[in-house]
1. Given a 1.4 angstrom probe, I'd like the percentage of the accessible area of the chain that is carbon and sulfur, rounded to a whole number.
2. Whole angstrom only: what separates the Cα centroid of segment 175-197 from the Cα centroid of segment 92-138?
3. Mind grabbing the accessible area of ASP68 for me, 1.4 Å probe, Å², rounded to tens?
4. Rank GLU190, GLU173 by accessible area, highest first, at a 1.4 Å probe radius?
5. Heads up, I need the accessible area for MET127: 1.4 angstrom probe, whole protein in place, Å², nearest 10.
6. Based on the Kirkwood radius over alpha-carbon pairs, what value in µm²/s does the Stokes-Einstein equation return for the translational diffusion coefficient of segment 120-193 at 20 °C and 1.002 mPa s?
7. With +1 on each Lys and Arg Cβ and -1 on each Asp and Glu Cβ, how big is the dipole of the chain about its Cα centre, in debye rounded to the nearest 20?
8. To the nearest whole percent, what portion of all C-alpha pairs in segment 44-151 is separated by more than 21 angstrom?
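The values are calculated or read from the model by the stated rules, or taken from the named source; none is laboratory data. Note that the structure is a prediction, hence the values are computed from the model and not measured. Reconstructed Cβ throughout: ideal geometry from the backbone, glycine too, with neighbour counts over all protein chains shown. These accessible areas exclude ligands, DNA and RNA; they are computed on the full protein's heavy atoms, side chains included. Shrake-Rupley method; radii C 1.70, N 1.55, O 1.52, S 1.80 Å.
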Amino acid sequence: MPTTARGTLSRAGSETAHTTESVLDRPVWHSLTGIHSHPGTRHGTAAAYDPEISPFAGTEGDGVEAWDDLRTLLAGRAGVLAGSPLPVPDGIRVPFQVVGYQMIARDWVGHPDPEALELGPADHAEMLDLASRTKPGPFEKRTPEIGRYVGFRVDGKLVAMAGERLHPPGFTEISAVCTDEDFRGRGLAERAVRTIAAGIAARGETPILHVAATNTGAIRLYERMGFVTRREIEFVGVVIPRR
């Protein structure tokens, strides 16, 4: 594929939409060449979110061409690859590698929690604070712009939430599932996940999520809710020097 100029993606330049599970093999790429084209940039076979939204980047394929395009796109900055085009070439620092599972709820049956609160721009500062303390995964200042979020408050304080992140055609990823340490064990995160998943299913899409392989408690929770493991996936942090 010829390398294109770096710039904001447009729908006209996005690839034909897919509705099969094959898009989940490269969820970041298919999000950024589809519904999330506007908050991202692309160079040839590589695409990345605006870093204020998410550190995720993805490629159309593996190998030398993918890494050449990533080097150009991410020059001088860090990124996170989901199912990266390994092996990582020399000269690229890898600060972390996390093995996880991609889980899917193919036959979701559920109802939104009537007590779940819709979160919006007025809640963003509290959402960022909650995520920074509980560390559910990458969550940046503008992450809430790319999906729906719901949460629960106790005495006015935001104590749990879940939302939407990656959005490959036909699927939506549930992300930022977290609960304040003082309010765990009450089922709040599960109620938030069920609400988000029900909303995804209501628009004819399939809920997916990603979880660290070491987070056995969360895996058991998701399995009880109807999610099954689709595949193992590795998340790799990279820091690419300027050329």
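1. Working: 5720 of 11150 Å².
C and S atoms contribute 51 percent here.
2. Their Cα centres are 9 Å away from one another.
3. Rounded to the nearest 10, that gives 70 Å².
4. Working: GLU190 40, GLU173 0 Å².
Solvent-accessible surface, decreasing: GLU190, GLU173.
5. 0
6. Numbers: Rh = 12.4 Å.
Calculated translational D: 173 µm²/s.
7. Values: 27 positive and 31 negative charges, 41 e Å.
About 200 debye.
8. Working: 2952 of 5778 pairs.
Here the long-distance tail beyond 21 Å is 51 percent of all Cα pairs in segment 44-151.
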